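Some notes on the structure that comes next.
The values are calculated or read from the model by the stated rules, or taken from the named source; none is laboratory data. Since the structure is predicted, the reported quantities are computational estimates derived from the model, not experimental observations. Cβ coordinates were reconstructed from backbone atoms using ideal geometry, including for glycine residues, and neighbour counts include every protein chain displayed.
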């Protein structure tokens, strides 16, 4: 809690403790003792061993991907352990007692692929930031979509600081090729010829990923580039639960996998803490909230009946040592968000 992960760690912990206090204020159950171990001054494995030596009955953490990797290397894991980062590796056998949970985009990309396939779409373009989660989301969609029999016609990777999306989108939409054809026609046919470029016509839909600030630029850029008719899907990072109708009008028509707590009438009171928080931090807060629910209900999730858990981030289920999320669907319409059943 004392290095560059201090704010993310504190935000997660705030969400965890919100669920903690909510439960024990509403029941006569004796709350468990919680002890923090700071991984800024010790390794994850050292913190884990110290927690076990102190008699911990369950261990939760850490937030860094490297810490999740470190937990995977442990030969002995004597108590249930919830890792807060979901690894997409298949080359390492997961230790017994380890459960992976996190805000991975993988489940949401699967939901998008399933809906697009049901809607009869087969050819996609993915637009995503060039950061870790953007790369992970694109890779996850690409793998699953091809397994279903679909084609990924193009991948657009953009920096978070981008100001003009048109230059990033033109190649995948093949607008640049169409513009070149127009130049050639004017040169050899008629210099006064009025030529309107055309996008490629084999695209069925677009997956546009980004936080609100970037996403609000993507949809207008697509419309400018003659792609206004294409369905656009996104994930929960596009919306943080705070209605901003004036700013979100440019997102109209986008359907996205929504965390239940961001939808009208679904907000958990404890998740109303700070509407000024960046979407990433509000989702960390929700992750903390749901991690407390998972830790309290791990036996139910692990039982033969595999009872699902209704959390702030979605319906949670346990499969092969991984907590998976199934979100709801939201849609932007004139700057407002409504839940939809596609």
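Looking at (1) under 17 Å from residue 101 (Cα atoms); (2) over 19 Å from the mean Cα position of the chain (by Cα); (3) surrounded by 15 or more Cβ atoms within 10 Å (Cβ to Cβ), which is the one condition that is false for residue 302?
Evaluating residue 302 over (1) under 17 Å from residue 101 (Cα atoms); (2) over 19 Å from the mean Cα position of the chain (by Cα); (3) surrounded by 15 or more Cβ atoms within 10 Å (Cβ to Cβ) leaves (3) as the failure.
List the number of the failed condition for residue 167; all other conditions in (1) at pLDDT below 95; (2) under 24 Å from residue 237 (Cα atoms); (3) part of a loop (DSSP other than H, G, I, E, B) hold.
(3)
I need the full set of residues from segment 23-70 which are more than 16 Å from residue 4 (Cβ to Cβ), under 28 Å from the mean Cα position of the chain (by Cα) and modelled with pLDDT under 90, in order please.
Hit for segment 23-70 is 23, nothing else.
Of (1) buried (at least 20 other Cβ atoms within 10 Å of the Cβ); (2) more than 24 Å from residue 312 (Cβ to Cβ); (3) over 13 Å from the mean Cα position of the chain (by Cα), residue 128 satisfies all except one. Which?
Result: residue 128 passes all but (3).
Residue 107 - would you say it is surrounded by 17 or more Cβ atoms within 10 Å (Cβ to Cβ) and either assigned to a helix (DSSP H, G or I) or touching a helix residue (DSSP H, G or I) at 6+ places or on another chain (Cβ under 8 Å) (or both)?
yes
Given the conditions (1) in a helix (DSSP H, G or I); (2) in contact (Cβ under 8 Å) with a residue 40 or more places away in the chain, and given that residue 145 satisfies all but one, which numbered condition is not satisfied?
So residue 145 meets the others, but not (2).
Restricting to segment 52-96, give me the number of residues that are more than 28 Å from residue 141 (Cα to Cα), free of Cβ contacts under 8 Å to residues at least 40 places away in the same chain and in a loop (DSSP other than H, G, I, E, B).
Selection size over segment 52-96: 11.
Quick check: is even one residue across segment 149-161 surrounded by fewer than 12 Cβ atoms within 10 Å (Cβ to Cβ), free of Cβ contacts under 8 Å to residues at least 24 places away in the same chain and within 30 Å of residue 64 (Cβ to Cβ)?
Yes, segment 149-161 contains a residue that is surrounded by fewer than 12 Cβ atoms within 10 Å (Cβ to Cβ), free of Cβ contacts under 8 Å to residues at least 24 places away in the same chain and within 30 Å of residue 64 (Cβ to Cβ).
So residue 117 passes all but one of these: (1) modelled with pLDDT of 90 or more; (2) assigned to a loop (DSSP other than H, G, I, E, B); (3) on the phi < 0 side of the Ramachandran plot. Which condition number does it fail?
It fails just one condition, (2).
Does any residue of segment 58-71 turn out to be buried (at least 16 other Cβ atoms within 10 Å of the Cβ), touching a strand residue (DSSP E or B) at 6+ places or on another chain (Cβ under 7 Å) and closer than 30 Å to residue 207 by Cβ?
Yes: segment 58-71 contains one or more residues that are buried (at least 16 other Cβ atoms within 10 Å of the Cβ), touching a strand residue (DSSP E or B) at 6+ places or on another chain (Cβ under 7 Å) and closer than 30 Å to residue 207 by Cβ.
What's the number of the only condition in (1) surrounded by fewer than 17 Cβ atoms within 10 Å (Cβ to Cβ); (2) at pLDDT 90 or above that residue 248 fails to meet?
The single condition residue 248 does not satisfy is (1).
Applying the selection to segment 196-216, what residues are within 19 Å of the chain's Cα centre (by Cα) and either modelled with pLDDT under 95 or part of a helix (DSSP H, G or I) (or both)?
212, 213, 214, 215, 216
With 14, 4 as the choices, which residue is under 29 Å from residue 278 (Cα atoms) and assigned to a loop (DSSP other than H, G, I, E, B)?
4
Regarding segment 234-243, can at least one residue be identified that is crowded, with 16+ Cβ neighbours inside 10 Å, assigned to a loop (DSSP other than H, G, I, E, B), touching a residue at least 60 places away in the same chain (Cβ under 8 Å) and within 22 Å of the chain's Cα centre (by Cα)?
yes
Does residue 136 satisfy being buried (at least 17 other Cβ atoms within 10 Å of the Cβ) and not in a helix (DSSP H, G or I)?
No; evaluated as a whole, the condition is false for this residue.
Which one of these is at pLDDT below 90, within 25 Å of residue 64 (Cα to Cα) and in contact with a helix residue (DSSP H, G or I) (Cβ under 9 Å, 6 or more places away or on another chain): 271, 316?
Matching residue, one of 271, 316: 271.
Hey, can you tell me all the residues within segment 7-22 that are more than 21 Å from the chain's Cα centre (by Cα) and either without any contact (Cβ under 8 Å) to a residue 40 or more places away in the chain or loosely packed, with under 15 Cβ neighbours inside 10 Å (or both)? Let's see the steps before the verdict.
Taking segment 7-22 and keeping what is more than 21 Å from the chain's Cα centre (by Cα), we get 17-22.
Once the filter is applied, which keeps residues that are more than 21 Å from the chain's Cα centre (by Cα) and either without any contact (Cβ under 8 Å) to a residue 40 or more places away in the chain or loosely packed, with under 15 Cβ neighbours inside 10 Å (or both), segment 7-22 yields only 21.
Would you be able to say whether some residue in segment 197-204 is buried (at least 17 other Cβ atoms within 10 Å of the Cβ) and within 21 Å of residue 328 (Cβ to Cβ)?
No, segment 197-204 has no match at all.
Filter segment 274-289 for residues that are in a helix (DSSP H, G or I) and in contact (Cβ under 8 Å) with a residue 60 or more places away in the chain and give the result.
279, 280, 281, 283, 284, 285, 286, 287, 288, 289
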